[in-house]
Amino acid sequence: MRYIAVHWHHNNPEYPVELYSEIDDEGWEQRKVEIFADGHLDYADKVDESGSTWLGIEPVPSLAEIAADPEFTPREISKTEFEDLWKRIKR
């Protein structure tokens, strides 16, 4: 597994500003958390989803591919960072 966080630079309150993903070895999202500018979180996994958040229908591109679009600033994160965030929505 790998874990990424992507900051999405925009001003539309209908869309998240931070996207966190757990990605398997073949590039498919297994779990995702999206954080909106107002602070609320939505999530998705193989069983459940909230709000407008769902798992991707295509494999996640590399960090370099994501970073090629100036709207996005991606970074790799640790499993611990992702799990800490996941615990916030799965209480």
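What base-10 log of the normalised intensity I(q)/I(0) is obtained for the range 2-89 from the Debye formula, alpha carbons as equal point scatterers, at q = 0.16, 0.25 Å⁻¹?
-0.59, -1.48
Would you mind calculating the gained length between Asn12 and Phe36 on full extension (0.36 nm times residue separation, minus the Cα-Cα distance), in nm to one decimal?
7.7 nm
Which GluC sites (Glu not before Pro) in the chain pass both tests, a DSSP loop state and at most 16 other beta-carbon atoms within 10 Å?
Taking the chain and a limit of 16 other Cβ atoms within 10 Å, the loop GluC sites (Glu not before Pro) found are Glu14, Glu26, Glu71.
Starting from the amide H of Ala37, placed 1.01 Å from N in the peptide plane, find each other amide H under 5 Å away whose residue is 5 or more places distant or on another chain.
So Ala37 has HN proximity to Val17.
Expected output is a single nm value to one decimal: the length gained when fully extending between Asp24 and Glu83, i.e. 0.36 nm times separation in residues minus the C-alpha distance. What is it?
Separation in residues times 0.36 nm, less the Cα-Cα distance, equals 19.8 nm.
Pairs of alpha-carbon atoms within less than 8 angstrom and 6+ residues apart define the contacts here; what relative contact order does the chain have, in percent?
Computed value for the chain: 29 percent relative contact order.
Exposure proxy check: Arg31, Arg75 ranked by fewest other beta carbons within 10 Å?
Arg75, Arg31
Where a number appears in this text, it was derived from the coordinates with a stated rule and is not lab data. All of these numbers come straight from a predicted model, not from anything done at the bench. Note that we place each Cβ from the backbone using ideal geometry, even for glycine, and neighbour counts take in every protein chain shown.
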